[in-house]
């Protein structure tokens, strides 16, 4: 694979799109726009001006660029992304972009154009409500996680899947940036100088770090289900009546709670950011209420669907023992809490900040929101083993926000 | 691999041995004896009558035969066994047979002849004491488990190892015969009719089975270290001053406690069997005392070595958080208890009985020992989450044996 790799120019991309079977007519007038951020991938948006038909060509670059730094990165992630998308398309076709073609020489996927959708994170920053979001994400999580787990799959087939989705380089990024660097004075970190005191208290908190070490190990060693692996609100596209999960290049076999936790962490980040984004108190509280309600509905919907799938499909004599499903879901909820906590902290202290917080212009106002995010993250980790229901998570977020701490 | 496979005859094996480089002289007079049980492998013991030099040729058969039944079984297990032996030879060369050559067409390994050793299980049945055993096994466990884990290895190298040692067919045997079939009325089971009542009480014990389901999942999903995977006392060869671990064809990445638990389960099986084997009370109690002492020394030696290796080699910022190593060892001890419990019960109820118990001729006397084994196994599983030290394990075994129950 990839022996004949070369990064496409915009002109190459148009020719490539024209050559795809059954897509464009011979006389198509193709316009092309490169819409990727250029840090990891080229993303060409190609539209036939005559018919309106369109396609996305996403090509992996053999490196990653983040904040001026650049390091080599495997093209194999494009294979993993394409295979994970195809796998999800079998299970929840309405919730992922259709893959038309994967080119294993160019590390390139031709897929459905979703330009009538927007990135969920942008919608959340703008204070938009998405009535289908919770139900769609609950279904996405339940179906993609259940049907790729050993609860459903034949044990041998599942192990072959584990092998196929071993994804060391992408996992390493998460191991470093989510589970290691934010918790000590690492060079990759980048945070608002006004929150240094809070950050240093995290670096000194051994009990917290011991729990994070356990979560890191869990991320690295538990092959429970095929995860998306990077399910933040920038990997979800939405419009009023549609939800699409994109970009599973971090896909690998890991613990169920990591995907659920990623979604919830990012909704909590939005929750704290609206203290600054939305001035009108009533509107703000309504929106924050909707965000926490969405968190609860995602978990509850996920649990409901997962239980239904289990009841319908689980045959194994041991998985069928009364109470075992409860244990699996209980563990997943506690993992969700711990992973969500790590995901929140890394977005404040570490290398990859989120627009929800970054877009708060006044550093002092931003610091208040960031400290809230850190406090919620810290508690989600420290209390993960005593979490009993999803309301424990939302109550924790609500209470910490209510304390109204100011920057020292 | 294996395209030109054919099972060797005794004559083929001699020719093959003669062709191995640097082993036998041109005029060697090779005598050959097939010493395998023929159920899974051919094992040729080839000796040069002139020089006394010898070699073992172990060839995997493409099927397994157990109690009259036969099913196809991957030859790939011979590659895994050879690779696991070579890996162990780098870490603890004095504790495994040397591998001279692996033939990936014939699924055949040429290795060191250990016929001056005997199978540990036979020695234990005969009531022999092995002064080096605990220390050697502690070292074997600590070194093979630590150096193949992500505590020591670079995360990417460890993931490549996980891939290399994915071993679905052999794991399936364990999943079925250790973690599933013994706990319901499965066709594969085979037990003394006199213990049916105790067996049925296990089948009805939902709390027990729920815990076993969790242990089964842990066996199937946690890639903590490269395990031997079948470390019972039939996979260990001994003489007074030497211990050798053989037959790692079940090797795969799994939880540390599974290997430790396998050793301990089999020492506990020996412990209960000596109620019948050794009539002299003083000699029996001394031997049983040695067995439990060995269990404690194996764990304590393992923990001591593992801590020393950790201190010397662990660099990762998160693994180095104070307390995390304690958490890892505590989890490993509780897993050891649970896995040991399953391993004991399956040897009484399931398909593969152990000679320790099978060699007790009187069915009523055997039933008493079997019931003790089941009771210890059951408690090791039920109490695994409250185990604090290895003495909790040995005390539990001692107390149950002391109760002196008789067959109803």
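Observations
- Sequence of B:115, B:386 once ranked by neighbouring C-beta atoms within 10 Å, starting from the fewest: B:386, B:115
- Most to least packed among A:143-152, A:40-49 [average Cβ atoms within 10 Å]: A:143-152, A:40-49
- Degrees, to the nearest 10: B:281-313 long Cα axis against longest axis of chain B: 70 degrees
- In this simple spin-label approximation, residue A:69 and residue B:53 carry label points 7 Å from Cα along the Cα→Cβ vector, and these lie 5.5 nm apart.
- Kirkwood-based Rg to Rh ratio, chain B, C-alpha trace: 0.97
- On Cα atoms only, tilt of A:206-221 relative to the major axis of chain A in degrees: 30 degrees
- With a 10 Å cut-off around each Cβ of B:207-219, the average count of Cβ atoms from other chains is 5.
- Nm distances between copies for residue A:127, ranked from closest, using label points 7 Å along Cα→Cβ: 8.7
- Most mobile listed residue (B:223, B:243, B:389) in chain B, GNM with C-alpha springs under 10 Å: B:389
- Mean partner shielding of peptide A:174-181, defined as the number of other chain Cβ atoms within 10 Å of each residue Cβ, is 2.
- All C-alpha to C-alpha distances of the stretch A:340-408, sorted into 5 Å bins beginning at zero, yield P(r) values of 3, 17, 26, 24, 18, 8, 3, 0 percent in whole numbers.
- Rounded, prolate or oblate (a/c below 1.5 giving rounded, otherwise prolate when a/b exceeds b/c) for the stretch B:38-173 by Cα gyration tensor: rounded
- With helices as the sole contributors, chain B gives -16500 deg cm²/dmol at 222 nm; each DSSP H run of n ≥ 4 counts as -39500 (n - 2.57), and the sum is divided by every residue.
- Tilt relative to chain B, helix B:324-349 - C-alpha long axis, 0 to 90 degrees, to 10: 90 degrees
- Percent breakdown of C-alpha pair distances by 10 Å bin, ordered from the shortest bin, for the stretch A:10-111: 15, 42, 34, 9, 0
- Simple spin-label estimate for residue B:365 and residue A:398 in nanometres, 7 Å along Cα-Cβ: 6.9 nm
- Pairs of alpha carbons in the protein assembly as shown whose separation is greater than 41 Å (percent): 41 percent
- The calculated FRET efficiency for the pair residue B:98 and residue A:43, based on their C-beta separation and a Förster distance of 56 Å, comes to about 0.55.
- Shape class for the stretch A:61-139, computed from the alpha carbon gyration tensor (a ≥ b ≥ c): oblate, with a/c not under 1.5 and a/b at or below b/c.
- Normalised by the number of residues in chain B, the average gap of Cα pairs under 8 Å and 6 or more apart makes the relative contact order 17 percent.
- Fraction of alpha-carbon pairs over 16 Å apart in the stretch A:229-301 - percent: 57 percent
- Whether the stretch A:106-200 is rounded, prolate or oblate, judged on the alpha carbon gyration tensor where a/c under 1.5 counts as rounded: oblate
- Shielding score for B:318-331, defined as the mean number of other chain Cβ atoms within 10 Å: 5
- Segment residue A:314-residue A:156, length gained on full extension (0.36 nm per residue, minus Cα span): 55.3 nm
Rule-based calculations on the coordinates, nothing more; no lab input. Since we're looking at a predicted model, the values are computed, not measured. Heads up, the Cβs are rebuilt from the backbone with ideal geometry, glycines too, and the neighbour counts pull from every protein chain shown.
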